[in-house]
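Just below is one structure, and these are the notes that go with it.
The values are calculated or read from the model by the stated rules, or taken from the named source; none is laboratory data. In this text, all values refer to a predicted model and were calculated from it rather than measured experimentally. Here the Cβ positions follow ideal geometry from the backbone for every residue, glycine too, while neighbour counts run over all protein chains shown. For accessibility, only protein heavy atoms count, side chains too; no ligands or nucleic acids. Shrake-Rupley method; radii C 1.70, N 1.55, O 1.52, S 1.80 Å.
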Amino acid sequence: MAAARTADQGLSTEELQHIRDALAGGRKPKVVFTEAAGQIAGQLGQVVELTDPAVSEEWVVVRFGRDELPFSPTDLAVAPRGATTRRVAARSEPVPESAPEPEFKIVREPVPAPREEAVVTEVDTPPAPSVDAEAKPARRPAKAAKPKGPAGLTVTLTYAEGEWTLAATQGTKSLAKPYVIKPAEALKMVGLIDVPGVHEAVEQIMSVERREAEQQAEKLRAELAEIEARLAELRDAG
């Protein structure tokens, strides 16, 4: 009666604690798959790790053949003493002893409730691939390479030492080295930028340039007037 309870209910809290202690001591306890595990029910495995049950319901990692797969405690029961790796519950159709059983990856779907043995024996399981005894994971389709777009274009407007210059580059290639443009052209380009701070900075620069040009013009006019007066005196003397 106790064995039947274990097979139906899976691993108890006390049994899980024993398994955790055995793993801490370097041992790998044997377990048998219950009917909740599906088509591998009755086979033996070794517990190699206990993960976090808060992350997943399948937190008991069992080595089965060459695979290490996570299972729920309800999928497992403590293996009876002296159990070997042969099936505990035989199939309805005997398998010849000379035919080796291929190893394959097992993709299990969650079982809502334990199934009876009669249901398990009547389920037609798909045959294992005959090309290779070890099933290999399917390759993911290669992602289509995105077409490479043109390199970025950068146009730079610069004001320094009383001159406006314009330059252009595409990626690492220089399309136009910095060359001098008129202030009016620079003002038109800046007018296309809807940023108040840039407009204020350009207006301040233009205001300073205008004031300096006016002062220079006044100075030149004064010098020109002195030269004109000197030339008139020379003409009168001649």
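So the values come out like this:
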{"item": "Å³ per residue enclosed by the Cα convex hull of region 160-238", "result": "135 Å³"}
{"item": "For region 170-237, with +1 on Lys and Arg beta carbons and -1 on Asp and Glu, the positive-most of Ile227, Ile181, Gln215 along the dipole", "result": "Ile181"}
{"item": "Amide proton proximity set for Gln43, modelled H, under 5 Å, gap of 5+", "result": "Phe33, Val88"}
{"item": "Cut-off 15 Å between beta-carbons: net charge of the residues surrounding Gln215, Lys and Arg +1, Asp and Glu -1", "result": "-1"}
{"item": "Whole-Å distance, taken between Cα centres, linking region 15-57 and region 207-232", "result": "99 Å"}
{"item": "Mean accessible surface per residue for region 140-188, computed with a 1.4 Å probe while every protein chain stays in place, in Å²", "result": "88 Å²"}
{"item": "Sequence-distant residues sharing a close amide H with Glu68 (under 5 Å, placed H)", "result": "none"}
{"item": "Under-5 Å amide H pairs with Leu76, H placed in peptide plane, nonlocal only", "result": "Leu11, Thr34"}
{"item": "Zone residues, region 203-238, relative to Leu187, backbone N less than 15 Å from point 7 Å out along Cα-to-Cβ", "result": "203-214"}
{"item": "Cα centroid of region 60-80 to Cα centroid of region 145-197, whole Å", "result": "67 Å"}
